[in-house]
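A.B. asks: My structure is below; once you've seen it, I'll send some questions.
Any read-out appearing in this document is the output of simple, stated calculations on the displayed coordinates, not a laboratory observation. The structure displayed is predicted, hence computed values, not measured ones. Using ideal geometry, Cβ is built from the backbone for each residue, glycine included, and neighbour counts are taken over all protein chains shown.
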Amino acid sequence: MRQPFTVFALVFVGVLACTASAADSAGMPWDLEALSAAPKVYAAPDHGAEGVRAIFYDGLPWKGKPTRVFAYVAVPDLPDGRKAPAMVLVHGGGGTAFPDWVRMWTGRGYAAIAMDTCGCVAGGGHKKRPRHDHGGPPGWGGFDQIADPLRDQWTYHAVADVVLAHSLLRSMPGVDAERTGLTGISWGGYLTCIVAGVDPRFKVAMPVYGCGYLGDNSAWVGRLGKMGSEKADRWLALWDPSRYLPAARMPMLWVAGTNDFAYPMDSLRKSYRLPKGPRWLAIRPRMPHGHGGPGENPEELRAMADAVLRGGTPLATVLARGRDGRRVWVTFTSPVPVAKAVLHYTRDTGTWKERKWQEAPAALDAAAGKVSAELPEGTTVYYVNLVDDRGLVVSSEHEEMPAAAP
């Protein structure tokens, strides 16, 4: 297995030196002050979508030419002149702005915007989205663009597209600008991690699958390896979410699966430990990876958004965990009863996506807010899931067991 790429702070500072925005002093290439102004909006073909508004909005220049970003947006009608909380929705690789995703959130009483981050419009099918005349750099990842000027690369534009969408949504009548959240799926989860550290106006961020440390053992290690160490280190220094997550302060919910092909559990753990705000985990065994339901539908996303943005009932909170030999425990607090607890474990090592995960009983003392369990013989990794009366999952951090002495 290829060793993780070395990313030095000096490299990061050096590659950012070519930018001239005020944000550089904070170690970021984006000018948040400029991106915080609502962009100009234009009419766009709706591609048959109902119940949402199709628009273009001004993006940042690419190769010296102006760009526009395609998006769907909607604001629900609320009684008595009340303003709605809002969600910014970021698609993954092969995706685009999805009207169904916007409608899902407006059906919950939220304003919502979903933008295309790859210079395309809706339609055409997965990985076959038609580009438009004013599109920015194509996605995803921008590995082949690393020799281009920083401001012509995909991640630079994609992050700016998300922040501009946020600024636009905040400016709309009927939207409460102080109650906004962010979620993204796969490459959109990757972008969510970066934006969480770039745009402090968000009150909650919820990456699905995405994380940082892409140079360790992610699905893109091979791609980075083919770039050569100099270009790979430059890409990681510029665009790995681990560079931006430490600046995130808002509550974050991380939704992922044990066998995700793109973002392995060890990189996920290193990532969610970086932000300074409170965090929750919802890790399901073998959670499918994709749009069309798996990444949009987890009810933990709705509950987290409602708790932060609407004063709703929060998820359970893991307070601590520990282990004495093979005996493990987790303490928690929850505003609603925790109905059950499950120990998830694997005896396997090696590639995370190929490990077989199993379940074992866990003793739940709801009154004391404690779960305990005995690890099966040969366990290499384990974690505990709490399931409340609503069926919502909250996970403890996973622990990798020390290797047995030879």
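A.B. asks: Check residue 340: other-chain or 5+ apart residues with amide H under 5 Å from its amide H, H built from backbone geometry?
C.D. replies: Residues meeting the criterion, in which the H sits 1.01 Å from N, are 387.
A.B. asks: Assuming R0 = 45 Å, can you tell me the calculated FRET efficiency for the pair residue 50 and residue 387, based on Cβ-Cβ distance, to the nearest 0.05?
C.D. replies: 0.80
A.B. asks: Where a Cα-Cα gap under 16 Å defines reach, which aspartates and glutamates qualify for residue 270, not counting those fewer than 8 residues away within the same chain?
C.D. replies: Correct list for residue 270: 216, 240, 260, 397, 399, 400.
A.B. asks: Efficiency by 1/(1 + (r/R0)^6): what FRET value for residue 400 and residue 249, r their Cβ-Cβ distance, R0 = 35 Å, to the nearest 0.05?
C.D. replies: Computed FRET efficiency for residue 400 and residue 249 comes out at 0.80.
A.B. asks: Here is a follow-up. Measure off 7 Å from each Cα along the Cα-to-Cβ vector at residue 266 and residue 36, then give the distance between these two points in nanometres to one decimal.
C.D. replies: Label at residue 266, label at residue 36, 4.0 nm between them.
A.B. asks: For residue 339 and residue 323 in one chain, what is 0.36 nm times their gap in residues minus the Cα-Cα distance, to one decimal in nm?
C.D. replies: Numbers: separation 16, 0.36 × 16 = 5.76 nm, distance 2.27 nm.
Contour length minus Cα-Cα distance gives 3.5 nm.
A.B. asks: Which far-off residues, 5 or more places away or on another chain, put their amide H under 5 Å from the one on residue 213, with H placed in the peptide plane?
C.D. replies: 242
A.B. asks: When only C-alpha pairs under 8 Å and at least 6 residues apart count, what is the relative contact order of the stretch 317-400, in percent?
C.D. replies: 33 percent
A.B. asks: Membrane-span-like helices in the chain: DSSP H runs reaching 24 Å or more (Cα, own axis), mean Kyte hydropathy at least -1.0? Each step should come with its number before you reach the end.
C.D. replies: Details: long enough: 154-171 (25 Å, 0.58).
Membrane-span-like by this criterion, though nothing is claimed about a membrane: 154-171.
A.B. asks: Just to confirm my numbers, what's the Cα centroid distance between the stretch 180-232 and the stretch 359-397 in Å?
C.D. replies: Each part's Cα centre sits 28 Å from the other's.
A.B. asks: For the stretch 63-68, just list the computed ³J(HN,Hα) in residue order, Karplus coefficients 6.51, -1.76 and 1.60, θ = phi - 60°, integers in Hz, with x standing in for Gly and Pro.
C.D. replies: Per residue, the Karplus-derived 3J(HN,Hα) values read 6, x, 10, x, 10, 10 Hz.
A.B. asks: Determine ³J(HN,Hα), in whole Hz, for all residues of the stretch 315-322 in sequence, where each value follows from phi through the Karplus function 6.51 cos²θ - 1.76 cosθ + 1.60 and θ = phi - 60°; x replaces Gly and Pro.
C.D. replies: 6, 4, 10, 6, 8, 6, 8, x
A.B. asks: A follow-up question, please. Between the stretch 89-152 and the stretch 30-85, what's the alpha-carbon centroid distance in Å?
C.D. replies: That distance is 12 Å.
A.B. asks: Using a cut-off of 13 Å between alpha-carbon atoms, which aspartates and glutamates can reach residue 63, once sequence neighbours fewer than 8 places away in the same chain are excluded?
C.D. replies: Answer for residue 63, where 13 Å is the Cα cut-off: 148, 152, listed by chain and number.
A.B. asks: Separate question: Using a Gaussian network model on the chain with a 10 Å cutoff between Cα atoms, which of 126, 291, 157 fluctuates the most?
C.D. replies: Of 126, 291, 157, the Gaussian network model singles out 126 as fluctuating most.
A.B. asks: Here's another thing I want to ask about it. Over the stretch 278-326, what is the relative contact order in whole percent, taking alpha-carbon pairs under 8 Å and six or more residues apart?
C.D. replies: About 24 percent, as a whole number.
A.B. asks: Same structure again: So if we plug the beta-carbon distance of residue 80 and residue 131 into 1/(1 + (r/R0)^6) with R0 = 51 Å, what FRET efficiency do we get, rounded to 0.05?
C.D. replies: 0.75
A.B. asks: Please give the net charge around residue 257, taking every other residue with its beta carbon less than 12 angstrom from that of residue 257, where Lys and Arg add +1 and Asp and Glu add -1.
C.D. replies: Residues close to residue 257 contribute a combined charge of +3.
A.B. asks: Quickly work out the residue 231-to-residue 171 label distance, labels modelled 7 Å from Cα along the C-beta direction, and quote it in nm with one decimal.
C.D. replies: With each label placed 7 Å out from Cα toward Cβ, I get 3.7 nm.
A.B. asks: Please arrange 36, 242 by counting, for each residue, the other beta carbons lying within 10 Å of its beta carbon, fewest first.
C.D. replies: Details: 36 14, 242 21.
Arranged by neighbour count, lowest to highest, 36, 242 become 36, 242.
A.B. asks: Where q = 0.12, 0.22 Å⁻¹, what log10 of I(q)/I(0) comes from the Debye formula for the stretch 317-400, counting one point per Cα?
C.D. replies: -0.33, -1.00
A.B. asks: Turning to a different aspect of this structure: Under the Karplus relation 6.51 cos²θ - 1.76 cosθ + 1.60, θ = phi - 60°, what is the ordered set of whole-Hz ³J(HN,Hα) values for the stretch 394-400, x standing for Gly and Pro?
C.D. replies: With coefficients 6.51, -1.76 and 1.60, one gets 10, 10, 7, 4, 7, 10, 8 Hz.
A.B. asks: What share of the DSSP beta bridges in the chain is antiparallel, in percent to the nearest 5?
C.D. replies: Close to 65 percent.
A.B. asks: What are the lysines whose alpha-carbon lies under 17 Å from the alpha-carbon of residue 83, with same-chain residues fewer than 8 places away excluded?
C.D. replies: 203
A.B. asks: How would 356, 65 line up from fewest to most surrounding beta-carbon atoms within 10 angstrom?
C.D. replies: Values: 356 12, 65 8.
The order, fewest Cβ neighbours first, is 65, 356.
A.B. asks: Name the residues whose placed amide hydrogens come within less than 5 Å of the amide hydrogen of residue 176, ignoring near sequence neighbours (fewer than 5 apart) on the same chain.
C.D. replies: The answer is 84.
A.B. asks: Okay, next question. Distance in nm between label sites at residue 63 and residue 286, each 7 Å beyond Cα in the beta-carbon direction?
C.D. replies: 4.5 nm
A.B. asks: Then there's this: Top mean-square fluctuation among 251, 61, 39, Gaussian network model of the chain, C-alpha springs under 10 Å?
C.D. replies: Largest GNM mean-square fluctuation: 61.
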